[in-house]
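The values are calculated or read from the model by the stated rules, or taken from the named source; none is laboratory data. Quick caveat, the model's predicted, so the values are computed rather than measured. Because the Cβ atoms are built from the backbone with ideal geometry, glycine has one as well, and the counts that use them run over all protein chains shown.
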Amino acid sequence: MGVFLKRERKLAEVRPKARSLSLEFVLPRTIDHPRISRKIPGAGGRTVHFVKLTSVDDVDDQVRDWLTEAYAAAGE
């Protein structure tokens, strides 16, 4: 079971895993970054990106920037 973050549409989801959390967020572009563990093309040119979180420190400025972008895009 995951926790969904929504605006006009879903912008992110957090899912528990055995030893981590999976953060999934949707952007209108594709990111190529070492922290992105997986990408799935979605509807309307959007891409779902997956980041593995193992500690609070993993939610750094980079992840917050991606979530801010996902929030803005979900309202468009």
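Could you list, in sequence order, all residues of region 27-74 that are exposed (fewer than 10 other Cβ atoms within 10 Å of the Cβ) and either within 14 Å of L5 (Cα to Cα) or touching a strand residue (DSSP E or B) at 6+ places or on another chain (Cβ under 7 Å) (or both)?
Across region 27-74, the qualifying residue is only P41.
Which ones in region 18-76 are over 18 Å from E8 (Cβ atoms) and either in contact (Cβ under 8 Å) with a residue 40 or more places away in the chain or aliphatic (A, V, I, L, M) (or both)?
Those that are over 18 Å from E8 (Cβ atoms) and either in contact (Cβ under 8 Å) with a residue 40 or more places away in the chain or aliphatic (A, V, I, L, M) (or both): A18, L21, L23, I31, I36, I40, V51, L53, V56, V59, V63, W66.
Sort through A12, A73 and tell me the only one that's at pLDDT below 95, of a type in the set (G, A, S) and touching a Phe, Trp or Tyr at 6+ places or on another chain (Cβ under 6 Å).
Checking each option against the conditions leaves just A12.
Where residues in region 5-26 are under 16 Å from G75 (Cβ atoms) and out of contact with any Leu (no Cβ under 9 Å at 6 or more places or on another chain), which of them is surrounded by the most Cβ atoms within 10 Å (Cβ to Cβ)?
Looking at the filtered set, the residue picked out is K10.
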